[in-house]
1. Quick check: from the Cα gyration tensor, does the range 12-88 come out rounded (a/c under 1.5), prolate or oblate?
2. Scan the range 70-156 for GluC sites (Glu not before Pro) in coil per DSSP, keeping those whose Cβ has at most 11 other Cβ atoms within 10 Å, and list them by number.
3. Considering only Gly143, Gly195, Gly95, give the residue with the highest GNM mean-square fluctuation for the chain, with springs between Cα atoms whenever their separation is below 10 Å.
4. Find the centroid of the Cα atoms in the range 58-110 and in the range 131-153, then give the distance between the two in whole Å.
5. Please list, by residue number, everything in the range 119-137 whose backbone N is under 18 Å from a paramagnetic label point 7 Å out along Cα→Cβ of Leu78.
6. Pick from Arg159, Arg74, Arg131 the residue whose mean-square fluctuation is largest in a GNM of the chain, springs joining Cα atoms under 10 Å.
7. Helix-only estimate, please: 222 nm mean residue ellipticity of the chain, summing -39500 (n - 2.57) across DSSP H runs of length 4 or more and dividing by its residues, to the nearest 500.
8. Quick one: if you stick a label point 7 Å off each Cα along the C-beta vector at Gln117 and Arg19, how many nm between them?
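A short reminder: the numbers here are calculations on the coordinates, not readings from a lab. Computed from a predicted model, the values in this text were never measured in an experiment. Heads up, the Cβs are rebuilt from the backbone with ideal geometry, glycines too, and the neighbour counts pull from every protein chain shown.
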Amino acid sequence: MEGPPGPGGRSPARARLARARDLFPLLLNGTLDREQYLAAVAAFNGEADSRVAEEVFSDLRLVLTILEGLPEVRQVALTWTRSQRERWGLEPRPGERESVPVLREKLAILLAQRDDQVARELAALFPSWDRTDPNLRSAVAIGYARTEGAAAVGPLKERILSASGQEEVLRLASGLMSLEDPALLAEALDWVVSGPVGRGLLLSILRAAAW
């Protein structure tokens, strides 16, 4: 629920949303330098409004993709994402907005790709795949592949072969595409495009893994 109107007649949540929407354009046009942008993002740590969090995340993910080699960018991005994971948890909650499960999924995928501890926590859910929230399954597959390496290849392939639909295939294949060993990744990619998955889904799989 939004609070009472703030300065200019805006509620606090609406004011934060407007500020979040301005951050990336201000970075692009040079009004904010990188340090100022990162400080502004850090001010949204623990953001309690999912609409504001989604706005911050969509741009921050792009900045992280471009500038991940810079330690300060990676640190701020992961700290912010971890704060949001703590805020929204891993399980659906009664009364949450419809957009929250999608936000939760995006947060989990980014952390599964970059945070070893979170990857291990998510990997532990793989044996309970069928009972896991569908919105969390891509992150679980990615965490499982990153944590188990070669040992994850067989179980992921088995589930792909028995998957009930294309969406489930994409979730599982995003795990294969997240293998960190170059040789394993090349072998998995060859299996994906020449085996039961096929080239038609390759772009979607790569997008899912890079999300």
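1. Details: a/c = 1.97, a/b = 1.16, b/c = 1.70.
Note, shape of the range 12-88 comes out oblate.
2. Values: sites: Glu72, Glu86, Glu96, Glu98, Glu105, Glu121, Glu148; in loops: Glu96, Glu98.
Taking the range 70-156 and a limit of 11 other Cβ atoms within 10 Å, the loop GluC sites (Glu not before Pro) found are Glu98.
3. Gly95
4. So the separation of the two Cα centres works out to 17 Å.
5. Taking a point 7 Å out along Cα→Cβ of Leu78, the residues of the range 119-137 whose backbone N falls under 18 Å are 119-123.
6. Of Arg159, Arg74, Arg131, the Gaussian network model singles out Arg131 as fluctuating most.
7. On the way: 11 runs with 142 residues, N = 211.
It lands at -21500 deg cm²/dmol.
8. Label-label distance for Gln117 and Arg19, simple model: 2.7 nm.
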